[in-house]
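Below: one structure, written as structure tokens.
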Amino acid sequence: MLRIAVPNKGSLSGPAMAMLHEAGYQQRKESKELVLVDPTNEVEFFYLRPRDIAIYVSSGRLDIGITGRDLLQDSGAEAEEILRLGFARSTFRYATKPGTATGPKDFDGMTIATSYEGIVAAHLADAGVEASVVHLDGAVETAIELGVAQVIADVVETGTSLRNAGLEVIGEPIMKSEAVVIRRKGADTEDPKVQQFLRRLQGVLVARSYVMMDYDCRVEHLERAVALTPGLESPTISPLHHEGWVAVRSMVAAKEAQRIMDDLYELGARAILTTAIHACRL
């Protein structure tokens, strides 16, 4: 069986299990379940702390896993990402009290508090900065107020919590993270079971990003309509009973669907419908 690590809690857990369910895999019903066997799909899921997943995968005990890019890089594990999943996006940045520093070039001799010391240490080394890194679990905003550090490095979403603590974001982002599928470095990425798993997840990503659009169009307007809805290869076109009309079916980007419907209507298309795509293979 293919052995897969799945986050057991946090912002990665729910979306990861939802995506796996959409991809046709069984998922646990109780949070206390640590292992779930899906015999139909020949997969065994292990629910682990997100921070530990890269270590398990790099050991070769598990074939692949879902975790955050930040957690993968911070672990230093011999694992690599093989598919971006598009959820749990975050930006990792430095922050400090106003007037303390403007970026890493000012960090020499300072102490930086973070929950991701591996990422920060590597970033400082790349920048040629000599600074101390202290590891703290959980929120690090109070580290400066309590005198533990002069700078913090943490995940920043809106920046509200930092502003409430009297801090400001400085410098360029250290990295941008999202959920990813990872595999041990040097492992056989052409493994048929792994490829099938990746195709299923890619199918979910496409299904979430596109809708199927159907509409009726006059023949003389067809070329202009097709230019609006070219599809992935080309649209399906079928003649209608009424002469001079055709039915068109095409995949379009979900975020563009309403605008395209407006443009088609102005062109003279009618009976314009969109339907969700639940699964696909490209």
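Structural remarks
- Residue in the range 214-224 that is hydrophobic (A, V, I, L, M, F, W, C) and open to solvent by less than 40 Å² (accessible area, probe 1.4 Å) present: yes
- Screening the range 161-214 for residues that are among the acidic types (Asp, Glu) and under 30 Å from ALA257 (Cβ atoms) and picking the one that is nearest to the chain's Cα centre (by Cα) gives GLU178.
- Verdict on THR111 being open to solvent by 50 Å² or more (accessible area, probe 1.4 Å), free of Cβ contacts under 8 Å to residues at least 60 places away in the same chain and β-branched (Val, Ile, Thr): no
- If you check THR274, THR189 for being under 27 Å from MET19 (Cα atoms) and touching a helix residue (DSSP H, G or I) at 6+ places or on another chain (Cβ under 6 Å), only one passes: THR274.
Every residue, every condition in (1) modelled with pLDDT of 95 or more; (2) open to solvent by 70 Å² or more (accessible area, probe 1.4 Å); (3) of a type outside the set (Ser, Thr, Tyr), yes or no:
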{"site": "VAL6", "(1), (2), (3)": "yes, no, yes"}
{"site": "HIS21", "(1), (2), (3)": "yes, yes, yes"}
{"site": "TYR47", "(1), (2), (3)": "yes, no, no"}
{"site": "ASP52", "(1), (2), (3)": "yes, no, yes"}
{"site": "TYR56", "(1), (2), (3)": "yes, yes, no"}
{"site": "ASP63", "(1), (2), (3)": "yes, no, yes"}
{"site": "ARG84", "(1), (2), (3)": "yes, yes, yes"}
{"site": "THR91", "(1), (2), (3)": "no, no, no"}
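- Screening LEU205, LEU201, LEU162 for residues that are outside any loop (DSSP other than H, G, I, E, B), under 17 Å from ARG3 (Cα atoms) and among the hydrophobic types (A, V, I, L, M, F, W, C) leaves exactly one candidate, LEU201.
- Candidates VAL120, VAL129, VAL133, VAL140: the one that is part of a loop (DSSP other than H, G, I, E, B), under 26 Å from ALA88 (Cα atoms) and within 31 Å of the chain's Cα centre (by Cα) is VAL140.
- Just one of (1) over 28 Å from GLU172 (Cβ atoms); (2) surrounded by fewer than 15 Cβ atoms within 10 Å (Cβ to Cβ) fails for GLY10. It is (1).
- Annotation: of all residues in the range 149-158 being open to solvent by 10 Å² or more (accessible area, probe 1.4 Å) and not charged (D, E, K, R), the one that is modelled with the lowest pLDDT is THR158.
- Selection of the range 246-274 for residues being open to solvent by 70 Å² or more (accessible area, probe 1.4 Å) and either of a type in the set (A, V, I, L, M) or not in a helix (DSSP H, G or I) (or both) yields ARG249, ARG270, LEU273.
- GLY76 fulfils the conditions (1) within 30 Å of VAL204 (Cα to Cα); (2) crowded, with 20+ Cβ neighbours inside 10 Å; (3) out of contact with any Leu (no Cβ under 8 Å at 6 or more places or on another chain) except for a single criterion, (2).
- Hey, ARG183 touching a residue at least 60 places away in the same chain (Cβ under 8 Å), assigned to a strand (DSSP E or B) and in contact with a strand residue (DSSP E or B) (Cβ under 8 Å, 6 or more places away or on another chain) or not: yes
- Sole residue being open to solvent by 30 Å² or more (accessible area, probe 1.4 Å) and either over 30 Å from ARG3 (Cα atoms) or in contact (Cβ under 8 Å) with a residue 24 or more places away in the chain (or both), chosen from GLU172, GLU178, GLU190: GLU172
The values are calculated or read from the model by the stated rules, or taken from the named source; none is laboratory data. All of these numbers come straight from a predicted model, not from anything done at the bench. Counting neighbours? That spans all protein chains shown, and the Cβs are built from the backbone with ideal geometry, glycine included. Remember, those area values only see protein heavy atoms, side chains included, never the ligands or the DNA or RNA. Shrake-Rupley method; radii C 1.70, N 1.55, O 1.52, S 1.80 Å.
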